[in-house]
Amino acid sequence: MSQHPDINTNIDANSLTDDQTSLDANTVIDTETTPDDSKHISIVNTFMKRRTHMNKNAELALTAPEFAHYLVNNSFGDGNLEGIDDLRTLFSELPNGSDAPLTLEIGFGLGDSFIEMAAAEPSRNFVGVEVHEPGIGKCAYMAGTQNLRNVKIINGDAIQLLKQLPENHIDRIQLYFPDPWQKKRHYKRRFVSPERMALVTRSLKQGGWFHTATDWEHYAFWMVEVLDGFAGLTNQAGAGNFTDRPDFRPMTKFERRGLECGHGVWDLIYLKE
């Protein structure tokens, strides 16, 4: 039921082809010293960029000028994030302005729930970051057909984006149904880790929150263990507990299908102290 069934592949930074991206969404660079004191760099991705089918509406939104204002950077390109260092300025000329509450969603997939949330809360600004062009296109198309004025979409590495943003910048960060990386040797690829959560927490405003949801039980309890032990974050439901799905998070078709099959879904909300 996971919405990001991505490829379990290690990538050497020197072996990437033109069809791959060197820093796909959410990467960690491991550096180790070899006996001859040279540096070997490998990139650990929390998910892989992959080619998937793009429908006509998505392609239209990526190419037609009437949708261009939703796309912050080159959505058919390599996810270059150069110059994107303040998400609030993206809305300075829009009705909400730059001071409105700001939500960042990491890996919005095809964008259905992301757009539903943005439409339901027009006074809040929403930024989504994704690496898959079909999802970016579909999301922009839905935003355009609903004439939303509170949505911006970024193509690129969410971890790199967080590194570029100011401290105390975002009110909410959302991570819904990330790849659970089930095999033990791939746990290092899981987004929820102390290293990545340090970037998330740094970017959150005081009193802001990190909200995640998963349909994999092992990952759910992994996240509780990591997040409950992370200084600066407090479990809204109390240590060791999950929260009920909040009304503002729409139930996706994947989630509904899983629940009908008896699968569980676990939500966690952590507040920045």
TODO: Output the residue which, of all residues in segment 78-106 that are among the acidic types (Asp, Glu) and in a loop (DSSP other than H, G, I, E, B), is farthest from the chain's Cα centre (by Cα).
DONE: 93
Task: Selection within segment 215-228 - touching a helix residue (DSSP H, G or I) at 6+ places or on another chain (Cβ under 8 Å) and either at pLDDT 95 or above or of a type in the set (Phe, Trp, Tyr) (or both) - done: 222, 226, 227
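Yes or no: residue 109 part of a loop (DSSP other than H, G, I, E, B), under 20 Å from residue 175 (Cβ atoms) and open to solvent by 10 Å² or more (accessible area, probe 1.4 Å)? It would help to see each step written out before you state the result.
Numbers: part of a loop (DSSP other than H, G, I, E, B): yes; under 20 Å from residue 175 (Cβ atoms): yes; open to solvent by 10 Å² or more (accessible area, probe 1.4 Å): yes.
Judged against the criteria, residue 109 is a match.
Does residue 155 satisfy being polar (S, T, N, Q) and closer than 23 Å to residue 198 by Cα? Explain how you work it out, then say what you get.
Numbers: polar (S, T, N, Q): yes; closer than 23 Å to residue 198 by Cα: yes.
So residue 155 fits the description; yes.
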TODO: Count, please, the residues in segment 131-174 that happen to be surrounded by fewer than 20 Cβ atoms within 10 Å (Cβ to Cβ) and of a type in the set (A, V, I, L, M, F, W, C).
DONE: 2
Task: Hits in segment 239-261 - residues which are modelled with pLDDT of 90 or more and open to solvent by less than 50 Å² (accessible area, probe 1.4 Å) - done: 240, 243, 246, 249, 250
Open item on the list: Just to be sure I understand the filter: pairs with C-beta atoms under 8 Å, separated by 6 or more residues or on different chains, first member in segment 208-227 and under 24 Å from residue 262 (Cα atoms), second member assigned to a helix (DSSP H, G or I) and modelled with pLDDT of 95 or more. Which pairs pass?
Closed with: 212/223; 214/220; 214/223
- [ ] Can you tell me which residue within segment 262-273, out of those that are surrounded by 12 or more Cβ atoms within 10 Å (Cβ to Cβ) and part of a loop (DSSP other than H, G, I, E, B), is farthest from the chain's Cα centre (by Cα)?
- [x] 263
Task: Sole exception among (1) surrounded by 20 or more Cβ atoms within 10 Å (Cβ to Cβ); (2) small (Gly, Ala, Ser); (3) modelled with pLDDT under 95 for residue 231, by number - done: (1)
- [ ] Tell me, please, whether a residue that is surrounded by 21 or more Cβ atoms within 10 Å (Cβ to Cβ), under 13 Å from the mean Cα position of the chain (by Cα) and at positive phi can be found in segment 120-130.
- [x] no
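The values are calculated or read from the model by the stated rules, or taken from the named source; none is laboratory data. Values in this document were obtained by computation on a predicted structure and should not be read as measured data. Glycine also receives a Cβ, built like all others from the backbone with ideal geometry; neighbour counts cover every protein chain displayed. Protein only, heavy atoms only, side chains kept; ligands, DNA and RNA dropped before computing areas. Shrake-Rupley method; radii C 1.70, N 1.55, O 1.52, S 1.80 Å.
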